[in-house]
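Participant: Quick one: structure below, then a few questions.
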Amino acid sequence: MVVRQAMKRMAAAIALAIAAAVTLGAAPAVAAGKNDTVAATKPKPQPDTILLTGDKVPAEGIKVLQAEDPKLFRMLMEEVGWLASATPQTAAPKKDKLGPRFTIKVLIKEKATQLYDLYPLATGGPRAHRPANQPSGTKTDGWFYGRLSMSESLRLSGAALKEKPDVVNGGIGGGIGENLNSSELDPVTGASQVFGEMRRLLLLNGAILLVILSGLAGMAFLIRRRI
């Protein structure tokens, strides 16, 4: 009779521990869902316009809007999107080796955020320059090897450059030929998701451990009573 009652008490304790584990595991999921909802309602502003000016471009420049020509906009972003955080790759070439200069401004809602100079016909291959004085603040002045597709991207945008049909979409610069998706590269969003998953995993493991310890404690109590 005593053993049966002890077994009932142990079963009740384990049931309570399991209920607590389910509650703890669900709580962070609900909190994460709320955070995800807040993040979804307030997305980070993304570039929507590119202004191209330069030696072989009309004086007023050429505007490429993502809403009107998403393919061309993506091509130009692939030429310069990686330059904002890249480490300089080469020394400044001699001016007589650079060829015509093209300037690209990246805008968000008509406000310039990035500025780069491109030299598609530079001796030895395309070059890109990131001036230290950026619209969003000061950065390290740097020179980079441009993508081999730079000339075609600029020509398709309206620059007076010769066609290069043999050039494929890619290059030796930081872009390495892949398409860029800025929402997928947002480090803040990615880190939040990773930490949320880790927190849920740790809480779930803790709840399982609590259930195991409760069962062991009940068994030990039962054994001591029988002895």
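A short reminder: the numbers here are calculations on the coordinates, not readings from a lab. What you are looking at is a predicted structure, and each value in this text was computed from that prediction instead of being measured. Because the Cβ atoms are built from the backbone with ideal geometry, glycine has one as well, and the counts that use them run over all protein chains shown.
Participant: Residue separation times 0.36 nm, minus the C-alpha to C-alpha distance between L65 and T113: what's the value?
Facilitator: So the extension gain works out to 15.8 nm.
Participant: What is the sum of charges around L65, taking Lys and Arg as +1, Asp and Glu as -1, for the other residues whose C-beta is under 14 Å from the C-beta of L65?
Facilitator: +1
Participant: Shifting gears a bit: Net charge around A160, counting only other residues with Cβ within less than 12 Å of its Cβ (Lys, Arg = +1; Asp, Glu = -1)?
Facilitator: Result for the neighbourhood of A160: +1.
Participant: Something else about it: Step by step: find N for the stretch 78-155, compute 2.2 N^0.38 Å, then divide the Cα radius of gyration by it. What's the final number?
Facilitator: Ratio of Cα Rg to 2.2 N^0.38 Å: 1.05.
Participant: Within a Cβ distance under 13 Å of P93, other residues only, what is the Lys/Arg minus Asp/Glu net charge?
Facilitator: +3
Participant: Here's another thing I want to ask about it. Measure out, as a whole number of angstrom, how far apart the alpha-carbon centroids of the stretch 52-83 and the stretch 89-167 sit.
Facilitator: Here the answer is 11 Å between Cα centres.
Participant: Run the reach check for K63 against lysines, Cα to Cα strictly under 18 Å, same-chain hits fewer than 8 apart removed. What comes back?
Facilitator: Within the straight-line limit of under 18 Å, K63 reaches these lysines: K71, K105, K109, K111.
Participant: R0 = 25 Å: FRET efficiency of N133 with K97, Cβ-based, nearest 0.05?
Facilitator: About 0.60, to the nearest 0.05.
Participant: Another question, if that's okay. Would you calculate the separation in nanometres between label points at D141 and T41, each defined as 7 Å from the Cα along the Cα-to-beta-carbon direction?
Facilitator: Result for the modelled spin labels: 4.7 nm.
Participant: At a threshold of 8 angstrom on Cα-Cα distance, excluding pairs fewer than six apart, so keeping six or more, what relative contact order does the stretch 57-122 reach in percent?
Facilitator: With pairs under 8 Å counted, the relative contact order is 22 percent.
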